[in-house]
């Protein structure tokens, strides 16, 4: 199939041709026709298979073939929500690339930078607004953007956006939008829980998938090197220098770990920089630009900051730490092997990460080849992986231990108290009290007649503190 067969307008086809593309990727070939028909779409495909163009191209076709509705104020016709600043910038760049022959006004807004220039961009309205949820709500609260005339909503990297805790922001945003709209959700992975949640946002969606859930790109050669945790930075330096690697994207589990690793590599003569949520937007942009221009050999990133990093022909991805969430492994190694190119993903794994490794191999349903590096053999062996990968049974819902048989908060029948709602707020019986300290139970007796205000012990039933602490816990607000 060719792009010319998808029904896109001529100006868009010319922009695609200038980028050197003639054939759509599988996800583009399946998703674009559905979007052009005006249907809600949930599309899942491996990272690096062209999902961004899968919604960008049909959106631009719609905007170029439908008259702009008459309106006043700072309206947006299309809203694209992304979880990170880097991904927002990447999507906005894609929109500008393919709309070069169209009169389309695009704006991108995210946190970490001044809000006033973004407010000026939105004056008079825009055709396509790419935004992160938090900054979008800030702008709306200041009447800088309105959604009365919104026609399309896109959630890019939808699973990560919901999994990162943006669900409350997304629900607030959804309430601001017209009910009559087209909604698109694009992501690399859709867990069952996220899929059910997503169906409350879209209306009778068409589900498009071109690969098994949570699968990895075949063009990416995966392997793991078993090492001691304390030797990881030395092993990474050895791999980079002995193989003369350039453009190596390294994933760290924490921000502090990313900073520390970047300093260690730089001290050993390997140009490196770190990007994560605590870095200013200017520092993140400069580091990413230097990395793309080969001024840096290594870019150390956390999972959130790496979303949206799109580098052509990125050869190497290294997992310095395995991710806590197995699905993040798929996103990580998807930074290489993009658009049909080959790539290599190496994980440095210590024995204490076996549980994380097991979760990853169960998710991708295959074993990752192992090897040891001469001169860096581990002292602690990594246990052997499973040979069969069965689907995990869903966890049973937890029982509320703070309720008794009658359904009321308090102690269990038999007198033993549990949880924060018991008379013993620390959840302990008398035998566990420290010497010299009276238990709450012993101080909860009724005061004698004539006793003054100070006659009761602090924390007892007769004191204000005791009255506040006794009884079931108050529900958290929000």
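Throughout, read-outs are computed from the coordinates displayed, never taken from laboratory work. Since we're looking at a predicted model, the values are computed, not measured. In this analysis, Cβ positions are derived from the backbone assuming ideal geometry, glycine residues included, and neighbour counts consider all displayed protein chains.
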request  = At 0.36 nm per residue, minus the direct Cα-Cα distance, what do residue 37 and residue 102 gain on full extension? Give it in nm, one decimal, please.
outcome  = 21.3 nm
key: segment 3-209: antiparallel DSSP beta bridges as a percent of all, rounded to 5   = 0
remark   = DSSP beta bridges in segment 220-371: the antiparallel percent, rounded to 5, is 0
inquiry  = What does the C-alpha gyration tensor say about the overall shape of segment 220-371? Classify as rounded when a/c is under 1.5, otherwise prolate if a/b is larger than b/c, or oblate.
reply    = rounded
key: Simple label model, 7 Å out from Cα along Cβ direction - residue 71 to residue 293, nm   = 3.8
key: Listed peptides 54-61, 111-118, 223-230 by packing density, highest first (mean Cβ within 10 Å)   = 54-61, 223-230, 111-118
ask   = Taking the highest mean first, how do the peptides 77-83, 136-142, 314-320 order by number of other beta carbon atoms within 10 angstrom per residue?
value = 77-83, 314-320, 136-142
request  = Can you tell me which of 327-334, 256-263 comes out highest on packing, and rank the rest after it, using the mean Cβ neighbours within 10 Å?
outcome  = 327-334, 256-263
